[in-house]
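Structure record follows, encoded as structure tokens.
The values are calculated or read from the model by the stated rules, or taken from the named source; none is laboratory data. None of the values given here were measured: they were computed from a predicted structure. When we count neighbours, we look across all protein chains shown, and the Cβ atoms used for this are built from the backbone with ideal geometry, even at glycine. Surface areas here come from the heavy atoms of the whole protein model, side chains and all, with no ligands, DNA or RNA. Shrake-Rupley method; radii C 1.70, N 1.55, O 1.52, S 1.80 Å.
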Amino acid sequence: MKKVWIFASGGGSNAEKLFAHFKNHTSINITGLLCNNSDAGVISKAQKEAIPVFQLSNAALNEHGKLLALLHENDVDYIILAGFLRKIPDEVVKAFPNRIINIHPALLPKYGGKGMYGMHVHKAVKAAGEKISGITIHLVNEHYDEGRVLFQESVSLSESDSAEDIARKVLALEHAHFPSVCEKFILE
Ligand code: GAR
């Protein structure tokens, strides 16, 4: 059984899809949620599924060795970032090569990098007048949003779409693909 932790910072609609997808899975078990925001909606979603919640403040996340020790103590095999809005400490990235999956709400390499997360991405896509946007599911390496791409899917935008409309379209793609792409990669 592969043990997977989800890292999330916000509402957790993707985390919720992952919890549902892997419930009673024969070889992948979500054994924890790591959250850096004590007000995040994702916490109650994990609790509802009886998934243990681990809360670390941003300061604690940056404490040398702290997150890595927690992951090792809990025998974590894979990490899935589902709207986790902090950089993963380098020592954790090094200790989990090809074991951390992220979802990004745009077609990388466009609209990636530091500061490009959540609505910032969709507002930039809108401001540039893009005709398409989409999702990128990729492995995490030491450079922000630059790890190996596992999957991309695009969606057409119309001129009248607001940044909020773009966010809705992109989130629907995330929900449709993220769990199955994670499953396929972990079982490879
Ligand atoms: C998702 O759109 C995800 O792609 C994005 O945060 C949102 C979380 O939504 N992640 C990033 O921007 C990472 N750079 P959710 O909490 O409803 O799953």
When the Cα atoms of segment 145-188 are enclosed in a convex hull and the volume is divided per residue, what value in Å³ results?
85 Å³
Over segment 1-87: Rg over Rh, Cα atoms, Kirkwood Rh
0.94
Positive-end residue of 155, 125, 107, charge dipole of segment 95-168 with Cβ unit charges:
107
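Cα gyration tensor of segment 1-44, axes a ≥ b ≥ c as square roots of the eigenvalues: rounded (a/c below 1.5), prolate (a/b > b/c) or oblate?
prolate
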Under a 5 Å amide H to amide H cut-off, with H placed in plane at 1.01 Å, what residues pair with residue 153 once short-range neighbours are removed?
135
Whenever you get a sec, compute what percent of the accessible area on the chain sits on carbon and sulfur atoms (1.4 Å probe).
50 percent
Looking at segment 111-188, which trypsin sites (Lys or Arg not before Pro) are DSSP coil and have at most 14 other C-beta atoms within 10 Å of their C-beta?
114, 131, 148
For the chain, what does the accessible surface come to per residue with a 1.4 Å probe? Please give it in Å².
50 Å²
Cα-based Kirkwood hydrodynamic radius, segment 129-170, one decimal, Å
11.6 Å
Could you name the lysines in cross-link range of residue 94, using Cα to Cα under 26 Å and dropping any fewer than eight places away on the same chain?
2, 3, 66, 110, 114, 184
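Would you compute, from DSSP H runs of 4+ residues alone, the mean residue ellipticity of the chain at 222 nm, taking -39500 (n - 2.57) per run and dividing by the full residue count, rounded to the nearest 500?
After summing the helix terms and dividing by the residues of the chain, the value is -11000 deg cm²/dmol.
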Cα-Cα over 23 Å, subset of 23/123; 48/87; 17/48:
23/123; 48/87
How much of the DSSP beta bridge set in the chain is antiparallel, as a percent to the nearest 5?
40 percent
Here, the chain modelled as identical Cα point scatterers in vacuum has Debye log10 I(q)/I(0) at q = 0.14, 0.15, 0.17 Å⁻¹ of -0.75, -0.86, -1.11
Would you kindly work out the equivalent ellipsoid of segment 40-90 from its C-alpha gyration tensor and give its semi-axes, the square roots of five times the eigenvalues, largest first in whole Å?
19, 14, 11
Return, for the Cα atoms of segment 94-188, the radius of gyration and Dmax in Å, separated by a comma.
13.5, 45
